[in-house]
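Right, one structure below, let's go through it.
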Amino acid sequence: MSFSLHILGRTNTVFARSTIKSCINANSFGLKALFRSMSSQKKVAVVLSGCGVYDGTEVHEASSCLVHLSREGSAVSMFAPDIDQMHVINHLNGDVMSEKRNVLIESARIARGKAAPLSQLRASDFDAIIFPGGFGAAKNLCDFAVSGKDCMVQADTARVIGEFNKAGKPVGLCCIAPVLAAKLLPGCQVTMGSESEEGGLWPHAGATQAIGPLGGQHVIRGVTECLVDDAKKVVTTPAFMCEAPLHQIYEGVGALVREVLPRGARPHCYASKHLVGSQIVVQYGCLAKDSNVLQCIGTSAGVHSTPRALQCCNSSNLCNLYFNPRLPDGLSPLPSSKPPSFTTGTNSDDNKGQLAIGSGSALTMIALVSVSVAFVIVLLTAALYFIVRRLRRKCRGGGGGGGKSLTTTDMMELRPIGQHGDQHTVTTPLTNVDSQQEPMTQSLYSPPGLEFSSGSGSGVPKIVQRTIAKEVCHLQAVGRGRFGEVWRGEWRHEDVAVKVFYSTEEASWARESSIYEQCLMRHENVLAFLASDICGTGGWTQMVLITEYHPLGSLHDFLSQQPVLTLGNTIRLLFSAAKGLAFLHTEICGSPGKPALAHRDIKSRNILVKTGGVCCIADLGLAVRYSSINGMIDPSPPLVQGTKRYFAPEILDSSLDTRCFESLTQADMYAFALVVWETLLRCRLPDSDPVPYRLPFSEHAPNDPSVELMQSLVCEQALRPTVCQHWLTSSYSSAVVEMMTECWQHRASARLTSLRVKKCLRDLDESFRRRSHAILHPANAPQTTPDSIQRQVWDGKLPVCFVLPEDPDVPPLYSLVPRVGYFPALLDRLRAHLSRHAGIDEDSPGAQQLWLRSAGRPLRWHLPVGLLYDLERPKPPPLPWEVEIRTRDFPTDELVSFGPNNSLESYFLYCLKEADALKHRARVINEMGEREHRQLWQGLLNDQFDQFSVVNRKLMEGEAKYLPFRIYQQEADGGLSVLQCLAKPHREDSTPLTLSDLLRICMPNFADPVTLATHGVSLPMETPLAWAYDKLAYPDNFLHLVLQPSRCNSAGDGESSAMQLDSSSEF
């Protein structure tokens, strides 16, 4: 396995090294086999926690570990605890399933049936151990997923990690698994990646905040890196804590495997350089298996008879490939014209891998290389500059300096598959677009590296949008139009809507993308935009637009399928749609700002119905923008554009002034009036039945009417849809009818504006809600508003008597403690009291390690005071509540040390982020600045409701995807069971989810009667969960519910037993 290469002169060193690399790569299989034969096979245990990322082991991480271990020649055995999983997750939709599965049996899927119980694993039988990640590590190997900093580790897992640590053998942990080391090995350094989310790249970054309280130390590392704690022999890597490509995860796991394998598993390889006469000889090789590693020590010329420099390594195969040892200063080769030679071999070879380099100036070589690299950089920079200029000019619509105007065709029209009707949209080419005008915002059509983000959080989230099309799985076609299709897709386990444009509609795709990318375009009643992308399908190119998916479909579909609407639901639908339209029509001035938008195609098919009975405006493909700064409409709109059935009279008779933006919004209001008429058809009023749903003018016009026919009906005959007489019997519906008729006036200037319609419907909605509230609550009952309920909850106080059992002479300290507050906020006051009456120095270890106890149980400092008191139910202690102050015998097995003074603030903000992630995907909390975060904490700390609520209102507003809640049950042995599952505010039919429904979802085996309590109040089981959350949530934005003791039948034997929460865990 030797070969020779002659190099003429020192200046060819770079070429020689590149050639050497290619030669060694060509023989890499032989070299690797040689290296492995020189080392003994090492035994590695891999501990699995199930099969599947959400309830077991992350399969990709486990596979990466096994592949790297196989390449290193290690003997692998796989183990898993023989216990039931915490729960079983449907990996298609994320729902919790009712079945039970065994961790060992599930792990055997990955191990190809060769998995042994973890109880059989002994550290003496193996050289190292590795724990791949996945939620199973935080659910089955410990309960970190539900208990956080107070988690408990599964017995066999704790034993195994302890044995390997005691034996000084390496422990490797991936992804979320490092929490095990932080919990079991105090003081160890671990990494779970970044400590900030970085725009969604690290979605689970909040978990790093628990490492400190668990007893470890977190160090930031990249996804392809690993962290080695030499003192504890612990190696960790972030893996799928980062939303990174799979190959980067593979590299990071590979780095971990190479560090975990004991150093004795590989021989030491070296690169040496020594001076022989007029030549520098470079040698590459590896020490023999029984060689003394001390041979690698000594890099100066003085310790060798021949001047020599030496570098050694054993981190991986071919680790010495790029070594370049440096000879001591002052040594240089003598002049010689003898050509050098290179050979490679093992230590047993005579040549030992020599590379002789002829004479020449090292400075000359360095200068030449530097000049070459600089020249290449200049060329690349110039080429990139011209490419960027060309693409930016193309984005603006110009073809260079020619001033060619941008043209486009109509946006895709959504149509339910299998239906035919009034789906045709008419448009004319867009003209008069100034090719030299700067775009209002940068489009994704711009080249990579120029992605734009407002920085305020009000615009589009800065995500990697150019690759998202490859990550979306198309599940079901839900609509089809002339210019493409709409699919229900799945992206990162969330349903999304994928609007597909064909290659001929690139201009349409670019226009709608640029509108959605506007700063401040986020609104709860405008369809939420996620990303846009271009992808190839093999035969043609598709442009995709990805938005949130709403399963109820368009308002047209909803009205066609819904049996009946109540008056309250009708007003709520129209009010939410009016809010979205008013938002589009309104300009927001500022930097950045939002231009005013005219939709140009308002109809029931372009308004979507969200879960909860509210609407959002969709399909902005024909929208135009207006800025009062320059008075320009972008792009210059054609006269005939939109859906013919909804054309305003001024469009039909060609009197619309397309240069006036107000005229365009007035045409929108005419179309909105027809949508109001469609919605009223399905409204049930007293003593009347709803009218069957139909499109406007359906009795006079076919499915696809012509412009001439609509002109005859609307302009010449002045027809409008028929107003049903029973709509005038109710003051609310008659007010809606009056507003509707004003909006479809023939004279555009006489129509109501969107802001006026929004105010009218808002007043009707509030009046209807007050009337409904008055019916449910008689006049003699105390009237409350949402703010007053929240204020009463905030003002709740508990009288607490703090006593020091260690010294009966110390007088008790009485205090009114806010129910929504935390005991650590009183620690400074308690220390001052002990210093004054007990002579305990505030800085003494005892004062710094204060802990509280009630009824013989330690009080958990991270739980709100009101929740701790509710956990004493059904027999709460008498008031004032006697709480013991303890200064010694800290229960380390039950409590986590409080830590630094900001620990409570960090935990509180972590809870807020977790709650907002469930409700709004963390969008709202991430848009807030540090000042608002501090205002939330200071408002709570100082008991300032107004200061707190002005910021918290942003977190509580808007439609929530899932409601954050936790259900607690105090166990007889002092433990605490906690349950948290995903629950939406409404059922599939949009009816509110109740507390009883919540228990059926989270605890399928629960039995009535059972009650849930919060803030000292037992709630009726028919209470809507959304109402309870909105009014009774704690400041951390979680609804904390305490399960009252109950009895339920155990499955199979019919006997009663104390109810236990599913997925229970000891705090």
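The table below lists the values:
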| item | result |
| --- | --- |
| Spacing of the two label points (7 Å from each Cα toward its C-beta) at Glu959 and His493, in nm | 2.3 |
| Modelled FRET efficiency - R0 41 Å, Ser749 with Ser698, Cβ distances, 0.05 increments | 0.90 |
| Only Lys, Arg (+1) and Asp, Glu (-1) charged, at Cβ; region 42-265 dipole about Cα centre in debye | 800 |
| Unit charges on C-beta of K, R, D, E only; dipole of region 633-732, Debye | 280 |
| Label-point separation, Glu766 to Asp95 (7 Å along Cα→Cβ), nm | 4.0 |
| Inter-label distance for Glu716 and Arg829, nm, one decimal - labels placed 7 Å from Cα along Cα-to-Cβ | 8.3 |
| Order of Val614, Val179 under a 10 Å beta carbon neighbour criterion, fewest first | Val614, Val179 |
| Residue order, fewest to most surrounding Cβ atoms within 10 angstrom, among Arg511, Arg488, Arg888 | Arg888, Arg488, Arg511 |
| Value of relative contact order over region 508-573, rounded to a whole percent, pairs C-alpha under 8 Å and six or more apart | 23 |
| Ranked by how many other beta carbons lie within 10 Å on average, peptides 249-255, 235-241 from highest | 235-241, 249-255 |
| Cα-Cα over 23 Å, subset of Lys42/Lys114; Lys42/Lys273; Lys114/Lys233 | Lys42/Lys273; Lys114/Lys233 |
| Convex hull volume of region 42-265 per residue (C-alpha atoms, cubic angstrom) | 108 |
| Fewest-first sequence of Asp870, Asp809, Asp1030, Asp795 by Cβ atoms within 10 Å of each Cβ | Asp809, Asp795, Asp1030, Asp870 |
| Over 19 Å (Cα to Cα) - which of Lys610/Lys961; Lys610/Lys913; Lys603/Lys961; Lys579/Lys913; Lys149/Lys954 fall in this group | Lys610/Lys913; Lys603/Lys961; Lys579/Lys913; Lys149/Lys954 |
| Additional length obtainable on full extension of the chain from Arg888 to Glu587, 0.36 nm per residue less Cα span | 102.1 nm |
| Relative contact order %, region 906-1058, counting alpha carbon pairs below 8 Å whose residues are six or more apart | 22 |
| Theoretical FRET efficiency, 1/(1+(r/R0)^6), r = Cβ-Cβ of Ala382 and Leu520, R0 51 Å, to 0.05 | 0.85 |
| Burial order of peptide ranges 957-970, 615-628 (average beta-carbon count within 10 Å, highest first) | 615-628, 957-970 |
| Span per principal axis, largest first, for the Cα atoms of region 675-826 (Å) | 97, 33, 29 |
| Sequence-separation-based contact order of region 787-886, relative, with Cα cut under 8 Å and 6+ spacing, percent | 36 |
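Only the coordinates and a few stated rules stand behind these numbers; no lab work does. Note that the structure is a prediction, hence the values are computed from the model and not measured. Note: ideal-geometry Cβ built from the backbone for every residue, glycine included; neighbour counts use all protein chains shown.
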